[in-house]
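A.B. asks: Below is one structure. I have some questions about it.
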Ligand SMILES: CC(C)(COP(=O)(O)OP(=O)(O)OC[C@H]1O[C@@H](n2cnc3c(N)ncnc32)[C@H](O)[C@@H]1OP(=O)(O)O)[C@@H](O)C(=O)NCCC(=O)NCCS
């Protein structure tokens, strides 16, 4: 039997209410994780503005979904109109029928038509996306370090409004290639983390997610002279700390000289040029920090 072609459309508020439990079950609760995706990605899963979620429906009910996040990627040469894609999902009973592929193709065509320069996503199943034209190019590295008796001397809070203004000023200075952010970016909480912590120095900072046992370093930036002091705080804070960094940055070079951290090249980022000017883009040099991702 030939499967009926899915209908592809933007998500409505009504669709959103039906979709959220499906996505939460797939990506969060079914994996024994906590906190709904809506709390983790408030900028993307906004019930009142669900248009950036695209759906493929079969016979009137949701078969597949994905979320897009438009963003501006700033580099010294230009500002790029870019989009991230995430939460790619098909109902378990409808998998293997080409629905997610059809939704991806339609999304890619829509983004190209809307004059986006490129798209990026992070995938554990690269083959699925490679067939749709995406290239796996990742300059990220993942460090891991254990501490037998962690000692978080002071509690650390998520970044507040004054911190965010201060961080943004440092990013302008120390991150010549960066995604533009809004306040909501600083509320992003990737699985498995349950809250964010900001460790502030005078002219450098680290932002980590934590579940009180493990830490996930999302970003470290600023004056390299302050890295040893920041590291002294980070290294003793969590039982296990995962360090997400771009290879070859001052922070990664400093940390790779520290004892006890094991490193593994990341193979998650995948890129798709959409406009002619993005064909020669330096995707291999670009690193989108975890805080910006979906
Ligand atoms: C990944 C996922 C979205 C794919 O959805 P899907 O609708 O099954 O995707 P498709 O049917 O388009 O493609 C899936 C497979 O079916 C094959 N396929 C495509 N069209 C087909 C058809 N008409 N008949 C049979 N198989 C087909 C594809 O070649 C693909 O093969 P692969 O498993 O080797 O990659 C789905 O498995 C899912 O929701 N997984 C859980 C969430 C997840 O991991 N998301 C991705 C995060 S990076």
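Each value in this text was obtained by applying a stated rule to the coordinates, not by laboratory testing. Just so you know, these numbers come straight off a predicted model, no measurement behind them. All Cβ positions, even for glycine, are placed from backbone atoms using ideal geometry, and neighbour counts span all protein chains on display.
A.B. asks: Convert 20 °C to kelvin, take the viscosity as 1.002 mPa s, use the Kirkwood radius over C-alpha pairs of segment 140-265 as Rh, and evaluate the Stokes-Einstein diffusion coefficient in µm²/s, rounded to a whole number.
C.D. replies: It diffuses with D of about 145 µm²/s by this estimate.
A.B. asks: Another question about this same structure. For the chain, what does the convex hull of the Cα positions come to per residue, in cubic angstrom?
C.D. replies: 135
A.B. asks: Just the ratio, please: alpha-carbon radius of gyration of segment 1-131 over 2.2 N^0.38 Å, N its number of residues.
C.D. replies: Working: Rg = 15.1 Å, N = 131, 2.2 N^0.38 = 14.0 Å.
Relative to the rule-of-thumb radius for its length, segment 1-131 sits at 1.08.
A.B. asks: Mind pulling the angle between the C-alpha long axis of helix 13-27 and the longest principal axis of the chain? Nearest 10 degrees, somewhere in 0 to 90.
C.D. replies: Here the helix axis deviates by roughly 60 degrees.
A.B. asks: Further question on the same structure: Which residue, 38, 258, 266, tops the fluctuation ranking in a GNM of the chain built on C-alpha contacts under 10 Å?
C.D. replies: Answer for the Gaussian network model of the chain: 258.
A.B. asks: Find the centroid of the Cα atoms in segment 239-294 and in segment 93-107, then give the distance between the two in whole Å.
C.D. replies: 29
A.B. asks: Additional query: To the nearest 10 degrees, how steeply does helix 161-174 sit against the main Cα axis of the chain, on a 0 to 90 scale?
C.D. replies: 90
A.B. asks: Say a paramagnetic label sat at a point 7 Å from the Cα of residue 224, along Cα to Cβ; which residues of segment 240-267 have their backbone N under 18 Å from it?
C.D. replies: 245-259
A.B. asks: For residue 142 and residue 265 in the same chain, what is the full-extension length gain: residue separation times 0.36 nm, less their Cα-Cα distance, in nm?
C.D. replies: Fully extending the segment from residue 142 to residue 265 adds 43.6 nm.
A.B. asks: Which FRET efficiency value, to the nearest 0.05, is calculated for residue 154 and residue 7 with the Förster distance at 51 angstrom and r the Cβ-Cβ distance?
C.D. replies: Efficiency, from the Cβ-Cβ distance: 0.45.
A.B. asks: Follow-up question, since we're still on this one. From the convex hull of the Cα coordinates of segment 227-280, what is the mean projected area in square nanometres?
C.D. replies: 5.5
A.B. asks: Moving on. Quick one: angle between helix 99-113 and the longest Cα principal axis of the chain, in degrees between 0 and 90, rounded to 10, please.
C.D. replies: It works out to around 80 degrees.
A.B. asks: How high is the relative contact order of the chain, in percent, counting Cα pairs under 8 Å that sit 6 or more residues apart? Show your work: numbers first, answer last.
C.D. replies: On the way: 547 pairs, mean separation 65.2, N = 294.
Dividing the mean separation by the residue count of the chain yields 22 percent.
A.B. asks: Between residue 115 and residue 211, with labels modelled 7 Å along Cα→Cβ, what's the label distance in nm to one decimal, could you check?
C.D. replies: 4.4
A.B. asks: Now for a separate question. Hey, what number do you get for the chain at 222 nm if only DSSP H runs of n ≥ 4 count, each worth -39500 (n - 2.57), divided across all residues, to the nearest 500?
C.D. replies: -7000 deg cm²/dmol
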